[in-house]
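Take a look at the structure below.
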Amino acid sequence: MPPTRTNAMSTIALQNISITFLGTASAQPSSSRNHSALALTLGGRGDVWLFDCGEATQHQVQKSDVKMGKIKKVFITHTHGDHMFGIGPLLAGCLNGMGGTVEGIEDKRLRAEAIQELDPIEIYGPIGTRAYIRSVLLYTHTRLEGRYVVHELRFPKDPPHGDFTSLPPHRCELEGRNILQNFDPQSSSGHGVWNDIHVDDLVSVSAAPILHSVACVGYVVNEAPLPEKMNPSDYVPHIKRNKAPMSHLQTLQRGEDITLEDGTVLKGVGKRPGRKIAILGDTYDPSPIIPLSQGADLLVHEATNAYLPGVDPHAHEEDTEEGVEKRTKSRGHSTPQMAGRFAKLIRARRLALNHFSARYKGDDDTNEESKSIMGAIRELAEKEFGGEVVCARDLMTINVPRVK
Ligand SMILES: *[C@@H]1O[C@H](CO)[C@@H](O)[C@H](O)[C@H]1NC(C)=O
Ligand SMILES: [Zn+2]
Ligand SMILES: [Zn+2]
């Protein structure tokens, strides 16, 4: 639970929260799917947070409605190349003023100064994220005008301190945090979590390990609790009777109580939970993130391989459902059924599948083969989940509406 801030109402509230899939391929990109990256747009202030940043993410951003200059944070799930080869070029694009970070300033020197004033781009990821970015930028002699900072989520087996590289920081790199796990004694999985790695007035982010072939992290974005709709007629007669100022309504809307002169106590409006979005990386078992992701409005879960007899023309004849699941798991990945079961377990409202094998094409619905394969994958997940499933395509945007 993020700490409640009394000034939450003074900031612009989030309207739309949407997700744009920039890349939905697994290891190999194809003509219809690029490497992993996903943009979360926080309507209202319009900030964009990227989750993973595979090769060509910068190009994909340019082709989408996502604004380069609005990218404020990048969350890396794990350091496999298909999830982070795009981070060097992306930072170069965002931090050299070419990405529209600072608009309307033609003068190069003034623009450079304006970029220096901006908050640094914050990057989160497991150990190695900082070392990788530093080497990419240093060895390619990349000059940046803006600053960046890398916060690493350290696992218990990792060294708790240090940069994990002997290279000196890039001139534009600020000192980041190395965040250790919190251990909840109630946790049955034996894994810790990283609580509230980011908190502001509107949203907070927590993370937990998810099991893959290398250290991997899932992220959960929580919208701060929202005030209920106020019914002024509950309050106005009392305020008038006491000749108290109408501005009390704003205080009550913030959830604070007010005691009037005649002793009447007006109870501030209650709060309802905000939206929750769980974005997982590659995994064959995400159970350590169960406590954080319970009741997610949207779960993004990988579904790398599927058993599709009669639908997938390239399926091996000797395959069985169990065989495919076993092979998929042994490579650190999930099937649509595994994703569906997990969505059901955490009582997610909706499930979006991504990270598909190059065999499962992501063209539009005019391609009959990809339409029937993706339809079959969706059905496999839906059968286990019992709720709505979306198979992500590159450049697809889905909204996360407020339902509570
Ligand atoms: C993948 O990215 C490249 C570079 O932007 C682009 O040419 C290609 O069309 C993209 N593929 C898809 C499916 O968006
Ligand atoms: Zn991957
Ligand atoms: Zn991976």
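The values are calculated or read from the model by the stated rules, or taken from the named source; none is laboratory data. All values reported here derive from a predicted model rather than from experimental measurement. Virtual Cβ from ideal backbone geometry, glycine too; neighbours counted across all protein chains shown. Calculation scope for accessible area: heavy atoms of the full protein, side chains included, ligands and nucleic acids excluded. Shrake-Rupley method; radii C 1.70, N 1.55, O 1.52, S 1.80 Å.
What do you reckon, is Arg347 within 16 Å of ligand 1 (Cβ to nearest atom), of a type outside the set (S, T, N, Q), modelled with pLDDT of 95 or more and touching a Gly at 6+ places or on another chain (Cβ under 9 Å)? It is false that Arg347 is within 16 Å of ligand 1 (Cβ to nearest atom), of a type outside the set (S, T, N, Q), modelled with pLDDT of 95 or more and touching a Gly at 6+ places or on another chain (Cβ under 9 Å). Within the range 380-404, the set of residues being open to solvent by 70 Å² or more (accessible area, probe 1.4 Å) and out of contact with any strand residue (DSSP E or B) (no Cβ under 8 Å at 6 or more places or on another chain) comprises Lys383, Gly386, Pro401, Val403. When the strands (runs of 3 or more DSSP E) confined to the range 26-79 are screened for residues that are within 15 Å of ligand 1 (Cβ to nearest atom), those reaching at least 3 such residues are found at 37-42.
Criterion first (surrounded by 13 or more Cβ atoms within 10 Å (Cβ to Cβ) and under 20 Å from Pro156 (Cα atoms)) does Ile258 satisfy it? Criteria not met by Ile258.
Inside the range 107-140, residues that are open to solvent by 80 Å² or more (accessible area, probe 1.4 Å) and aliphatic (A, V, I, L, M) make up a count of 1. Being modelled with pLDDT of 95 or more and crowded, with 21+ Cβ neighbours inside 10 Å, is that true of even one residue in the range 224-233? The answer is no, given that none of the residues of the range 224-233 is modelled with pLDDT of 95 or more and crowded, with 21+ Cβ neighbours inside 10 Å.
Taken together, Leu180, Leu249, Leu202 contain a single residue that is closer than 30 Å to Leu280 by Cα and open to solvent by less than 60 Å² (accessible area, probe 1.4 Å), which is Leu202.
Of the residues making up the range 319-326, one or more are polar (S, T, N, Q), without any contact (Cβ under 8 Å) to a residue 24 or more places away in the chain and open to solvent by 10 Å² or more (accessible area, probe 1.4 Å). For Ile12, the test of being at pLDDT 95 or above and either closer than 25 Å to Ala208 by Cα or in contact with a Gly (Cβ under 6 Å, 6 or more places away or on another chain) (or both) is failed.
Per the listing Ala131, Ala112, the residue uniquely in contact with a Ser or Thr (Cβ under 8 Å, 6 or more places away or on another chain) and farther than 25 Å from Ile277 by Cβ is Ala131. Given the options Ala244, Ala296, name the one that is in the same structural domain as Asp184 (by TED's automatic domain parsing) and more than 16 Å from ligand 3 (Cβ to nearest atom). So the residue among Ala244, Ala296 that is in the same structural domain as Asp184 (by TED's automatic domain parsing) and more than 16 Å from ligand 3 (Cβ to nearest atom) is Ala296. The residue that is farthest from ligand 2 (Cβ to nearest atom), among those in the range 60-83 that are in contact (Cβ under 8 Å) with a residue 60 or more places away in the chain and either more than 18 Å from Tyr219 (Cβ to Cβ) or not assigned by TED's automatic domain parsing to the domain that holds Leu153 (or both), is Asp65. For first residues located in the range 356-368 and of a type in the set (A, V, I, L, M), partners that are at pLDDT 85 or above and lie 6+ apart or on another chain with Cβ distances below 7 Å form the pairs Ala358/Ala25; Ala358/Gln28; Ala358/Ser30. Within the range 144-172, the residues that satisfy the criterion of being closer than 15 Å to Ile121 by Cα and either in contact (Cβ under 8 Å) with a residue 40 or more places away in the chain or out of contact with any helix residue (DSSP H, G or I) (no Cβ under 7 Å at 6 or more places or on another chain) (or both) are Leu144, Glu145, Gly146, Arg147, Tyr148, Val149, His151, Arg171, Cys172. Every test in (1) closer than 25 Å to Ala37 by Cα; (2) open to solvent by 20 Å² or more (accessible area, probe 1.4 Å); (3) not in a strand (DSSP E or B) is passed by Asp196 save one, and that test is (3). Mind checking which residues of the range 155-174 are surrounded by 20 or more Cβ atoms within 10 Å (Cβ to Cβ) and not in a strand (DSSP E or B)? Within the range 155-174, Cys172 is the sole residue that qualifies. Does the range 357-368 contain any residue that is crowded, with 23+ Cβ neighbours inside 10 Å and closer than 24 Å to Ile289 by Cα? Checked against the condition, which is being crowded, with 23+ Cβ neighbours inside 10 Å and closer than 24 Å to Ile289 by Cα, the range 357-368 yields no hits at all. Considering Asp184, Asp201, the condition of being under 22 Å from the mean Cα position of the chain (by Cα), modelled with pLDDT under 95 and either under 30 Å from Pro225 (Cα atoms) or not assigned by TED's automatic domain parsing to the domain that holds Val221 (or both) is satisfied by Asp201 alone.
So, in the range 327-351, of the ones that are surrounded by fewer than 17 Cβ atoms within 10 Å (Cβ to Cβ) and assigned to a loop (DSSP other than H, G, I, E, B), which residue ends up farthest from the chain's Cα centre (by Cα)? Only one residue tops the list, namely Arg331.
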